[in-house]
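The values are calculated or read from the model by the stated rules, or taken from the named source; none is laboratory data. Remember, it's a predicted structure, so these values are computed and weren't measured experimentally. Glycine also receives a Cβ, built like all others from the backbone with ideal geometry; neighbour counts cover every protein chain displayed. For accessibility, only protein heavy atoms count, side chains too; no ligands or nucleic acids. Shrake-Rupley method; radii C 1.70, N 1.55, O 1.52, S 1.80 Å.
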Amino acid sequence: MPLLDVAKQAVEAAKAAGADYADGRVVREDSESITVRNQVMEGIDRSDSQGVGIRVLVNGYWGFAATALLEPAEIERTATLAVEIARAAARLPMDPIQLSETEPATGTWHSPMQVDPFNVALEEKVALLMEATRRMQEVKGLAFAEGGIDLFRRRSWLATSEGTAVEQTTVQSGAGIEASAVGEGELQRRSFPNSFRGHIAAAGWEHIQRLGLIEEAERTATEAVELLSAKECPSEVTTLVIDSGQVELQVHESIGHPVELDRVLGMEEAYAGSSFLTPADRGKLRYASDQVSITADASLPGGLGSFGWDDEGVPAQQTPIIIDGIFHNFISSRETATRIGERSSGAMRADGWQNLPLIRMTNISIEPREGSLADIIGDTKDGIFMATNQSWSIDDKRVNFQFGCEIAWRINDGKLTDMYRNPNYTGITTEFWGSCDAVGGREEWTLWGTPNCGKGQPGQVARVGHGTSPARFRNVQIGVRG
């Protein structure tokens, strides 16, 4: 039976069991992860999963159940269970749920791809990582040279009792290298093109080929070794310039998560939840300087947060979050949007078939302004430039944060001078973004992928995107506060 028909069968079974609204979501996922360390295969991990999740509303209360078995009798049993759970939820002290309107959707969608990475020979993938780690190992003093490739494919079929019937396929490919040097009680690491296994995009093997892992291997390893003898990053209040990759995480943690409407409404507080924002802040709160505009866009080609329709059947769309520093919109679901008199922004996605959809970031990006990283540094008399995230910490309200980077340099009269190790900076979200006085232009704007965003209880992992350019911030606390 075609899997879209399975999703429709789930909806019909739920309606027959008494659901007022129902959606059935069949998901099939495949993944492959390859790791090479010091020219030795560490492992190849492959997985696949398939099942259906059935979500229902009965008298305004949610019920959900899922199964890996797609036989008609099992689907009927699971749909009936979802309805029974919804009826049990009616005993809870909460108001009945209302969904914002959305037009029924039909059609198919596929993420852009030139070469299917799952069809590329394993020997070719391994050879790429072997050569990259070999070149890193040629640098004297390097302890560990690691490379990884990660591939992901998801096909989903969604049907709803309102008439939506859509099929979507997403293929994502990523790779990265990491060099580690050890000496005198220090471990220093440099990553390329970003930390945490590199750079992943909604694209095929062509994306990995363009990354330049082999070409950047020697420089990456050399910087790791040089960090062992570099100065400790000083503690001071100064101008901070951060590269595009670090701006990515800054946007993710201090803008992306606070604007999730379920956090704002107190519906999601279990996993570092909540937010300092309120619905009354829309159109009024100065979140950042006038250099900063942030957009949520699920239609960007290549973004991990891109799709044709979210897991409620709401079409991909652009939502202006911050315009010239002023906060304007949340990202929302059909349920939460009604609470503030709006329609869903199309931000509901689930981790696999076995979980309920949650509000998740799409591609939350900073709009490019003007100039390159070299221009921003050249226009800075004194400060510190940091690159490549290494650690992060932020409170549940998304107000106070601390980020650590892999490497930093002193900026002196527009030039990079002394290298620093173990750099970090702290800040308060609106004060920090309010101090931004430069955002790089389109030429260095990169649509990064964040494949490990955690949320919810039970915990779910989402793949989200962030388009970012390098940026500069004034009067930032570097290192330990004096």
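Key figures
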item: So residue 95, is it farther than 30 Å from residue 17 by Cα and surrounded by fewer than 19 Cβ atoms within 10 Å (Cβ to Cβ); result: no
item: Subset of the range 331-343 [part of a loop (DSSP other than H, G, I, E, B) and open to solvent by less than 10 Å² (accessible area, probe 1.4 Å)]; result: 332, 333
item: Residue within the range 216-234 that is farther than 25 Å from residue 143 by Cα, in contact (Cβ under 8 Å) with a residue 24 or more places away in the chain and part of a loop (DSSP other than H, G, I, E, B) present; result: yes
item: From 266, 204, 198, 245, residue being in the same structural domain as residue 349 (by TED's automatic domain parsing), in contact (Cβ under 8 Å) with a residue 12 or more places away in the chain and of a type in the set (Gly, Ala, Ser); result: 245
item: Residue that is modelled with the lowest pLDDT [pool: residues in the range 268-294 that are farther than 14 Å from residue 332 by Cβ and among the charged types (D, E, K, R)]; result: 269
item: Selection count where residues are in contact with a Pro (Cβ under 8 Å, 6 or more places away or on another chain) and either farther than 30 Å from residue 21 by Cα or free of Cβ contacts under 8 Å to residues at least 24 places away in the same chain (or both), scope the range 152-195; result: 6
item: Test: residue in the range 137-150 that is charged (D, E, K, R), open to solvent by 50 Å² or more (accessible area, probe 1.4 Å), assigned by TED's automatic domain parsing to the domain that holds residue 11 and over 27 Å from the mean Cα position of the chain (by Cα); result: yes
item: Residue, most open to solvent (accessible area, probe 1.4 Å), within the range 151-189, restricted to residues that are within 24 Å of residue 40 (Cβ to Cβ) and either at pLDDT below 95 or of a type in the set (Lys, Arg) (or both); result: 189
item: Residue in the range 161-176 that is among the acidic types (Asp, Glu), over 24 Å from residue 51 (Cα atoms) and in the same structural domain as residue 38 (by TED's automatic domain parsing) present; result: no
item: Residue among 269, 253, 260 that alone is charged (D, E, K, R), closer than 18 Å to residue 360 by Cβ, open to solvent by 20 Å² or more (accessible area, probe 1.4 Å) and under 24 Å from the mean Cα position of the chain (by Cα); result: 269
item: Residue identified as over 30 Å from residue 167 (Cα atoms) and either open to solvent by 60 Å² or more (accessible area, probe 1.4 Å) or not aliphatic (A, V, I, L, M) (or both) among 327, 307; result: 327
item: Failed criterion for residue 221 (all others in (1) buried (at least 17 other Cβ atoms within 10 Å of the Cβ); (2) under 16 Å from the mean Cα position of the chain (by Cα); (3) of a type in the set (A, V, I, L, M) hold); result: (2)
item: Failed item in (1) modelled with pLDDT of 95 or more; (2) open to solvent by 60 Å² or more (accessible area, probe 1.4 Å); (3) not in a strand (DSSP E or B), with residue 416 passing the rest; result: (3)
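So that you can scan it fast, the table gives a plain yes or no per residue for (1) crowded, with 22+ Cβ neighbours inside 10 Å; (2) outside any strand (DSSP E or B); (3) touching a Ser or Thr at 6+ places or on another chain (Cβ under 9 Å):
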| residue | (1), (2), (3) |
| --- | --- |
| 385 | yes, no, no |
| 389 | yes, no, yes |
| 392 | no, no, no |
| 396 | no, yes, yes |
| 450 | yes, no, no |
| 463 | yes, no, yes |
